[in-house]
Amino acid sequence: MSEVPALHIYLVLTPNVLMLDYAGPAEALRMARDMGAPIALHACGPQGDIATSLGTGLTGLEALPATLAARSLVLVVGNSNEAVDYATDAARSVVQWLRAVPQGTRMASICSGALLLAQAGCLDGRHCTTHHTLIADLQALAPRAQVVADRIFVDEGGVLTSAGITTGIDLALYLIEQEAGAELAARVARRLVMYQRRGTHDPQMSPWLAHRNHMHPAVHRAQDAVAREPQRNWTLSELADVACVSPRHLTRLFAQHTGISVVVYQQQLRIARAKELLARQGLPVERVAEACGFASARDLRRVWRKYEAGSPATARAVVQ
């Protein structure tokens with residue numbers, strides 16, 4: 001099987017960039033890359049050397065590229081004093097460059113970076129968000145956009161915008177999950193010691209990320225194993241070996257830290273996987289049941305009714 005080409009992420013920085021807006025997401029993405037995610041990072045801007053919000057400098061930035069890689073995401077990072085920073089020639093050159101980015105290229109922003117996307121016309125007709133103190137500014141710059149005031153980040157398909165500061169890390173984890181899966185995103189979050197990962201509809205969570213807002217390493221090890229192979233008929237003893245605890249202790253720990261049982265957790269991931277297969281490939285229910293580890297289509301339907309409305313067949317009919 002051929003390897004998936006890397007997603008090239010161009011982090012666009014302007015003078016006086018807010019350091020956490022840059023360093024937080026960049027480190028999360030760098031960790032994911034080092035763990036095997038198909039991601040390539042480029043820090044670029046209108047100047048090779050720029051000052052930051054902390055008074056220190058960043059050097060060695062790439063120039064704004066004349067052409068982008070085939071799989072690209074342009075991620076515009078926020079600043080510390082938008083009223084001043086975005087009135088500079090450097091910021092205006094970024095806006096001009098954004099206007100010239102080929103149509104169809106995915107765009108994203110952290111915090112006030114959304115204001116530059118707005119000036120470039122990238123948010124017209126889209127839902128978007130930014131830091132809560134800049135909502136009115138964003139609406140004024142993008143009157144044809146639908147600005148959302150109470151969201152961690154917004155995914156409009158081709159454009160993603162975040163509220164900024166720490167939520168830039170939430171956005172980065174979301175991108176990591178899309179590119180490399182929930183298990184690797186969870187590993188990055190644990191390395192960052194993030195207690196909670198928030199999503200586009202917080203507090204609603206993807207089943208792949210739900211029940212992970214705890215810090216117990218043994219439970220995380222068991223969850224990682226199930227997430228990697230939800231279709232496998234894991235026994236409690238096998239998961240206990242992975243977690244390095246006894247089966248009885250794992251049962252107690254799982255209930256204490258996730259609020260559900262091991263069996264329910266695996267069932268939820270299997271149903272999530274089934275929904276993905278139905279949506280993406282429209283496979284027959286029997287094949288989906290087999291691929292997700294259910295004994296039969298009847299078994300899939302029985303478990304489906306516990307967590308979802310309708311049936312697998314109706315879900316398949318909707319996507320077709």
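The values are calculated or read from the model by the stated rules, or taken from the named source; none is laboratory data. Everything quoted here is computed from the prediction, not taken from an experiment. Because the Cβ atoms are built from the backbone with ideal geometry, glycine has one as well, and the counts that use them run over all protein chains shown. In case anyone asks, the SASA skips ligands and DNA or RNA and just uses the protein heavy atoms, side chains included. Shrake-Rupley method; radii C 1.70, N 1.55, O 1.52, S 1.80 Å.
Things worth noting here:
- Test for Gly157: is it open to solvent by less than 30 Å² (accessible area, probe 1.4 Å) and of a type in the set (Gly, Ala, Ser): no
- Only one entry of Val94, Val17 meets the criterion of being at pLDDT 95 or above, under 22 Å from Ile135 (Cβ atoms) and in contact with a Pro (Cβ under 8 Å, 6 or more places away or on another chain), and that entry is Val94.
- Here is the figure for region 96-117: residues that are open to solvent by 60 Å² or more (accessible area, probe 1.4 Å) and at negative phi total 5.
- Residue within region 75-89 that is touching a Gly at 6+ places or on another chain (Cβ under 8 Å), surrounded by 14 or more Cβ atoms within 10 Å (Cβ to Cβ) and farther than 28 Å from Gln146 by Cα present: no
- Considered as a group, the residues in region 1-58 that are among the small types (Gly, Ala, Ser) and part of a loop (DSSP other than H, G, I, E, B) include one that is surrounded by the fewest Cβ atoms within 10 Å (Cβ to Cβ), and that residue is Ser2.
- For region 266-320, the helices (runs of 4 or more DSSP H) that sit wholly inside it and include 2 or more residues that are more than 12 Å from Gln231 (Cα to Cα), at pLDDT below 95 and open to solvent by less than 60 Å² (accessible area, probe 1.4 Å) are 312-319.
- The set of residues from region 225-235 being buried (at least 18 other Cβ atoms within 10 Å of the Cβ), part of a helix (DSSP H, G or I) and of a type outside the set (Val, Ile, Thr) comprises Ala225, Ala227.
- Unique residue being among the charged types (D, E, K, R) and not in a helix (DSSP H, G or I) when the list is Asp170, Asp150, Asp137: Asp150
- Hits in region 194-224 (condition: open to solvent by 30 Å² or more (accessible area, probe 1.4 Å), on the phi < 0 side of the Ramachandran plot and at pLDDT 80 or above): Met215, His216, Pro217, Arg221
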